[in-house]
Each structure stands twice: as C-alpha cells, then as structure tokens.
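Quick notes on the structure that follows.
The values are calculated or read from the model by the stated rules, or taken from the named source; none is laboratory data. Here the structure is a predicted model, which means the values were calculated and not measured. Cβ placement follows ideal geometry from the backbone for every residue including glycine, while neighbour counts extend to all protein chains displayed.
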Amino acid sequence: MSRFPAARFLLSVAAPGQFPDDSGAEVAFAGRSNAGKSSAINSITERNALARTSKTPGRTRLLNYFELAAGQRMVDLPGYGFAAVSAAERSNWVPLLDALRERTALRGLILIVDSRRGVRDEDLALIDWADPESRSVHVLLAKSDKLKQREKAQLLAQSKVVLAGRASVQLFSAHARFGVDEAQRRLVELLQ
C-alpha cells in the first residue's frame, strides 16, 4: 500500500500571490535540469505520471504543488543549470523562489543529484538557499543504478565529505526502485 495514496496535483505557481495558504507543511524538490527529479517524485509517491517526465532539460518551468495529504505538500521546483529556458524566464524565478523560502510551511528540501555528476557547487548553493540551519535537507544521489558497487560506495562517502553535515544523503534509483523506502521515510519526517 502506498504511503501517499491521496497524492494529487494541486496547482502551478507563476507568481508569489498564487501560493497556497501558508499553513501545514511542504517540502521542496529541486535538482539540476535532467537530474531525475520528476522520476524521483513519481517513484516516491508510487504514481507513474504525477510529475511529468521528459528527456528535454528544463521541462518544469513553474513551481508545481502536489498535495500528499491534508496539509502536506510537495513543491517541484524548476531545474537549474543547463535548460532550454530563456534568461528572462529564469530571472522571473528569483522572486518566486525568494518568496518560497520565506514561507513558514516550507519545512525542508529534497535535492536530486545525478550520481554520475556528484554534488557540485550549484547544489551546495541550493542547500545554502534552503537554510540548512533551520530546515532539513536530504540529497538523493539519483540514477545510482548506472554505477558499479564500488563507484556507489565511493560516491556516497565523497558526498558525505562534501556536504559536511549540512544535509543527509542516500543512493537512489527511480528506475531500479532502489532507495525508495528510505526516501519516503525522509519525506514523511520532513513533513512532520
């Protein structure tokens, strides 16, 4: 049985005035373009098409809210890094993301990192944006099924050093359904 049987799309937000009421708890999902964010959301919620997946970087262009249960939401953020998005459109995201960070309901961040790339400076900047002193951050090293066992162990150890206690981290694969239970548990914890 799914941990999130009532998961459903709630709304897309293009401006701060469109946010849902600042109550309950919400967790943001973020990652570089094409890191596997939508696949992670679908795998964690056990829904095939809750978040739209695409091979084209930059598919998510708004803040997409999903309700998991009454008063519990996920927020799918636009990808960062390379994406087929204009600079003007990207600059429109700044006030939107700043407003999101100020929300009382925002309890944490789940950051999806392509395991073949590892944690990069842009990822660390996003962790700083989330303010890990006041919000928990959990990193999913996605697409880990593409690595050999030794590479996985090295990546996990390296990532813990790079993150230096600012975030928890795990190996994850939406395709192989590896690490899904752990990611679900972390999401439930963040929503408390």
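Close Cβ contacts (under 7 Å, 6 or more residues apart or on different chains) running from residues in the range 150-178 that are β-branched (Val, Ile, Thr) to residues that are buried (at least 19 other Cβ atoms within 10 Å of the Cβ) comprise VAL162/VAL119; VAL169/VAL139; VAL169/LEU141; VAL169/SER159; VAL169/LEU163.
PRO57: at pLDDT below 95 and under 18 Å from LEU106 (Cβ atoms), yes or no? Before the answer, list the steps.
Details: at pLDDT below 95: yes; under 18 Å from LEU106 (Cβ atoms): no.
When the stated conditions are applied, PRO57 does not pass them.
So, of the residues in the range 157-192 that are surrounded by fewer than 16 Cβ atoms within 10 Å (Cβ to Cβ) and hydrophobic (A, V, I, L, M, F, W, C), which turns out to be nearest to SER39 (Cα to Cα)? My answer is ALA176. Just so you know, in the range 1-30 the residues that are under 28 Å from LEU141 (Cα atoms) and of a type in the set (D, E, K, R) include one that is modelled with the lowest pLDDT, and it is ARG3.
Taking the criterion of being surrounded by fewer than 16 Cβ atoms within 10 Å (Cβ to Cβ), at pLDDT 95 or above and part of a loop (DSSP other than H, G, I, E, B), the residues of the range 118-155 that qualify are GLY118, ARG120, LYS148.
Just one of the listed residues (SER33, SER91, SER43) is over 30 Å from LYS160 (Cβ atoms) and either buried (at least 20 other Cβ atoms within 10 Å of the Cβ) or modelled with pLDDT under 95 (or both), namely SER91.
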